[in-house]
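Undergrad: Shown below is the structure under consideration.
What follows draws every value from the coordinates through simple rules; no lab data is involved. Worth saying up front: this structure is predicted, and the values here are computed from it rather than measured. Cβ coordinates were reconstructed from backbone atoms using ideal geometry, including for glycine residues, and neighbour counts include every protein chain displayed.
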Amino acid sequence: MNLVAQGPDITRQQADELARLAGAMQVERIADRAFRLKTSSLEKSIPAWCEARRIDHALMPEGRRFADLRLLAMDMDSTLITIECIDELGDMAGKKAEIARITAQAMRGEIDYPESLRRRVGLLSGLHESALERVYQERLELTPGANELLDACRKHGVKVLLVSGGFTFFTERLKERLGLDYTISNVLEVENRTLTGRVSGAIVEAGAKAAKFRSVAGRLHASREQTVAIGDGANDLKMMAEAGVSVAFRAKPVVRAQATCAIDWCALDAVLNLFE
């Protein structure tokens, strides 16, 4: 197995110490702040040791190459981008704290996602649609490492699916801007250039994300081992369970506990270092 250790401040000395803990005979530097160790299992003390030093770690089978992937799916809010778009819309409606509180509960899995979305969107009723453009232009930023990860996908022909319980206003603009291949998200209802506080059509929740993932993987004739899913909230878990490798990116504890591995300290392109 490959034990991949990476972090914003990881040193060669720490990699060598980790190798001793893991009983690894070989330590390979694979990036400026990333190392690959050959080991047979994950010693019980390693997670806590890494956590104390802000080091992300993952145990991956040997021979998994990024170039062999066919599909990479990722969540949008707080994953591909740094913000929660609905929270920022709430800020413009003067209700950010209330909406953010519901968002956090939904991401932790404490509230049914469709119900949480209806409640949050309802709080946006009466907001002028120009607020959507303001959030996109003034507040939306890509997560560090996103461009590098997407560049690698293009280089190796890996198709990218952007899944979101957020809104098409943002996913479709990102699709065009970044050259993404597939998207799925919710449609905000607008009348007379004003948000009605409702969503048009079926709500994109955990089951819909997973179904879209299966559909695209099938269209691409991708085996489970040729897929990756990245998410941060409870509504990503069903999709992540479909993937050969699931990555909890700066995620809630319930997501980290069920994912193949977690990235808490590194940028989004740390996903690349998981593979050979």
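Undergrad: Would you kindly derive the ³J(HN,Hα) couplings of segment 199-212 from the backbone phi angles with the Karplus curve 6.51 cos²θ - 1.76 cosθ + 1.60 (θ = phi - 60°), listing them in order in whole Hz, with x for Gly and Pro?
TA: My calculation for segment 199-212 gives 9, 7, x, 5, 7, 7, 10, 4, x, 5, 4, 5, 5, 5 Hz in order.
Undergrad: Which percent, to the nearest 5, of DSSP beta bridges fully inside the chain are antiparallel? Don't skip to the end; give the middle numbers.
TA: Details: 20 of 41 bridges.
Counting DSSP beta bridges with both partners in the chain, the antiparallel share is about 50 percent.
Undergrad: Quote the FRET efficiency, to the nearest 0.05, computed for Thr82 versus Glu172 with a Förster distance R0 of 25 Å and r equal to the Cβ-Cβ distance.
TA: Working: r = 19 Å, r/R0 = 0.76.
The value I calculate is 0.85.
Undergrad: Now, a different point. What ratio of Cα Rg to 2.2 N^0.38 Å holds for the chain? Don't skip to the answer; put the middle values down first.
TA: On the way: Rg = 19.4 Å, N = 276, 2.2 N^0.38 = 18.6 Å.
Scaled against compact globular proteins, the figure is 1.04.
Undergrad: Output ³J(HN,Hα) for segment 64-81: one whole-Hz value per residue in order, computed from phi by the Karplus curve 6.51 cos²θ - 1.76 cosθ + 1.60 with θ = phi - 60°, and x for Gly and Pro.
TA: With coefficients 6.51, -1.76 and 1.60, one gets 7, 10, 4, 5, 8, 6, 10, 9, 10, 10, 8, 6, 9, 5, 6, 10, 5, 10 Hz.
Undergrad: Determine the gain in length on full extension of the stretch Ala104-Glu28; use 0.36 nm per residue of separation and subtract their C-alpha separation, reporting nm with one decimal.
TA: Details: separation 76, 0.36 × 76 = 27.36 nm, distance 3.86 nm.
The Ala104-Glu28 span can extend by a further 23.5 nm.
Undergrad: In what sequence, highest mean first, do 246-259, 3-16 appear when ranked by Cβ atoms within 10 angstrom?
TA: 246-259, 3-16
Undergrad: Ok, one more. How high is the FRET efficiency from Lys95 to Ala241, r the C-beta distance, R0 41 Å, rounded to 0.05? The partial results should precede the final answer.
TA: Numbers: r = 33 Å, r/R0 = 0.81.
Calculated transfer efficiency: 0.75.
Undergrad: Now for a separate question. Quick one: length gained pulling Ala48 to Glu191 fully straight, 0.36 nm per residue minus the C-alpha distance?
TA: 46.3 nm
Undergrad: Just want the ordering: Asp75, Asp264, from fewest to most Cβ atoms lying within 10 Å of their own Cβ. All intermediate terms of the calculation are to be shown ahead of the outcome.
TA: On the way: Asp75 26, Asp264 16.
Ranked by crowding around the Cβ, least crowded first: Asp264, Asp75.
Undergrad: To the nearest 500 deg cm²/dmol, what mean residue ellipticity at 222 nm is calculated for the chain from DSSP H runs of n ≥ 4 alone, each contributing -39,500 (n - 2.57), summed and divided by the residues?
TA: It comes out at -10500 deg cm²/dmol, rounded to the nearest 500.
Undergrad: Most exposed first by the Cβ proxy, i.e. fewest other Cβ within 10 Å, how do His221, His128 rank?
TA: Arranged by neighbour count, lowest to highest, His221, His128 become His221, His128.
Undergrad: Under a GNM of the chain (C-alpha, springs under 10 Å), which listed residue has the highest mean-square fluctuation: Gly23, Gly157, Gly201?
TA: Maximum fluctuation in the GNM of the chain, among the listed residues, is at Gly201.
Undergrad: At a 10 Å Cβ-Cβ cut-off, how would you order Val27, Val163, Val216, fewest neighbours first?
TA: Listing Val27, Val163, Val216 from fewest to most nearby Cβ atoms yields Val27, Val216, Val163.
Undergrad: Sticking with this structure for a sec: Subtract the Cα-Cα distance of Glu225 and Asp112 from 0.36 nm times their separation in residues, and report this length gain in nm to one decimal.
TA: 37.7 nm
Undergrad: Given a Förster radius of 25 Å and the C-beta distance between Met1 and Glu148 as r, what FRET efficiency does 1/(1 + (r/R0)^6) yield to the nearest 0.05?
TA: 0.50
Undergrad: Here is a further query. Using a cut-off of under 16 Å, list every residue of segment 74-104 whose amide N is near the label point 7 Å from the Cα of Glu141 along the Cα-to-beta-carbon line.
TA: 77-85, 88
Undergrad: Can you work out ³J(HN,Hα) from phi for every residue in segment 261-276, in order, using Karplus 6.51 cos²θ - 1.76 cosθ + 1.60 and θ = phi - 60°, giving whole Hz and x for Gly and Pro?
TA: For segment 261-276, the Karplus curve yields 7, 10, 10, 10, 10, 8, 7, 5, 6, 4, 4, 4, 6, 5, 10, 7 Hz.
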